[in-house]
1. Return yes or no: is residue 186 at pLDDT below 90 and in contact with a helix residue (DSSP H, G or I) (Cβ under 8 Å, 6 or more places away or on another chain)?
2. So residue 217 clears everything in (1) more than 16 Å from ligand 1 (Cβ to nearest atom); (2) without any contact (Cβ under 8 Å) to a residue 40 or more places away in the chain; (3) out of contact with any strand residue (DSSP E or B) (no Cβ under 6 Å at 6 or more places or on another chain) except one condition, right? Which one?
3. Grab the helices (runs of 4 or more DSSP H) fully contained in segment 1-78, keeping just those with 2 or more residues being within 12 Å of the chain's Cα centre (by Cα) and within 13 Å of ligand 1 (Cβ to nearest atom).
4. Among the residues in segment 176-194, are any over 16 Å from the mean Cα position of the chain (by Cα), outside any loop (DSSP other than H, G, I, E, B) and surrounded by fewer than 18 Cβ atoms within 10 Å (Cβ to Cβ)?
5. Take the residues of segment 220-245 that are surrounded by fewer than 18 Cβ atoms within 10 Å (Cβ to Cβ) and within 17 Å of the chain's Cα centre (by Cα): which is farthest from residue 18 (Cα to Cα)?
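The values are calculated or read from the model by the stated rules, or taken from the named source; none is laboratory data. Everything numeric here is computed off the predicted structure, so don't read it as measured data. No Cβ is skipped: glycine too gets one built from the backbone with ideal geometry, and neighbour counts run over all protein chains shown.
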Ligand SMILES: Nc1ncnc2c1ncn2[C@@H]1O[C@H](COP(=O)(O)OP(=O)(O)OP(=O)(O)O)[C@@H](O)[C@H]1O
Ligand SMILES: [Mg+2]
């Protein structure tokens, strides 16, 4: 039996037949505003508060100050988790002087300068060891993949990332933007390299907009195949079956 890491997100563990396979690296793919960041922070927050599993948040695009603010509305006090060693942050977001809340890695300043995967990975591993993290969330790898023009270099970098994350034995979520509803990630290679893929979508049904989440693949476990309804409420994400189309 594969050991599982419970997401703690209502409805998602049931759909995953118990949770994410422990130690796997999962891609969270979706367009803007589909709920990727909320899902990743809920995974870390629930891990830290319900399952005694510390986590590392790697912020590559949104500033950490903005993430703190956005997650506060769900009652998730990320700063408190940091103080008790349940959460570590790696700030690799583009430099926003006034909003920066933690020290930057030595060189990498994404969006401004050349960025090395090695320095980012060594920093992530250092934080994993420091707080004995069992969960990692990287939000997101879109900018990272856009650093290279050729698909070979992108694939090479992503393979390094996935292999290195697997060695940590933490369960890792990696967000990526998908520019269209049918694509997985920016270059469609991201999904192949990961152990699992969740696709998040915003779509119109008549004159109502709904959010859905689909488990595209999940190595090492059976799972629900159909798209599921995703609702963002005042306690975060909640997942349930889609109502039948009238
Ligand atoms: N309290 C709330 N109640 C309901 N919906 C909310 C609430 N807070 C945020 N949202 C919705 O969640 C969306 C943002 O979710 P999130 O930041 O997780 O998206 P994302 O997929 O990470 O987007 P991006 O690609 O821009 O980073 C908002 O656009 C809004 O529609
Ligand atoms: Mg986001």
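1. yes
2. Exception for residue 217: condition (3).
3. 36-50
4. Yes: one or more hits.
5. Applying the filter and picking the extreme gives 232.
The rows are residues; the columns are (1) away from ligand 2 (no atom under 11 Å from the Cβ); (2) at pLDDT below 95.
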{"residue": "29", "(1), (2)": "yes, no"}
{"residue": "35", "(1), (2)": "no, no"}
{"residue": "39", "(1), (2)": "no, no"}
{"residue": "45", "(1), (2)": "yes, no"}
{"residue": "55", "(1), (2)": "yes, no"}
{"residue": "60", "(1), (2)": "no, yes"}
{"residue": "65", "(1), (2)": "yes, yes"}
{"residue": "68", "(1), (2)": "yes, yes"}
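Listed here are the residues, each with its yes/no results for (1) free of Cβ contacts under 8 Å to residues at least 60 places away in the same chain; (2) out of contact with any strand residue (DSSP E or B) (no Cβ under 9 Å at 6 or more places or on another chain); (3) crowded, with 17+ Cβ neighbours inside 10 Å; (4) outside any helix (DSSP H, G or I).
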residue	(1), (2), (3), (4)
121	yes, yes, yes, no
125	yes, yes, yes, no
130	yes, no, no, no
136	no, no, yes, yes
154	yes, yes, yes, no
160	yes, yes, no, no
167	yes, yes, no, no
174	no, no, yes, yes
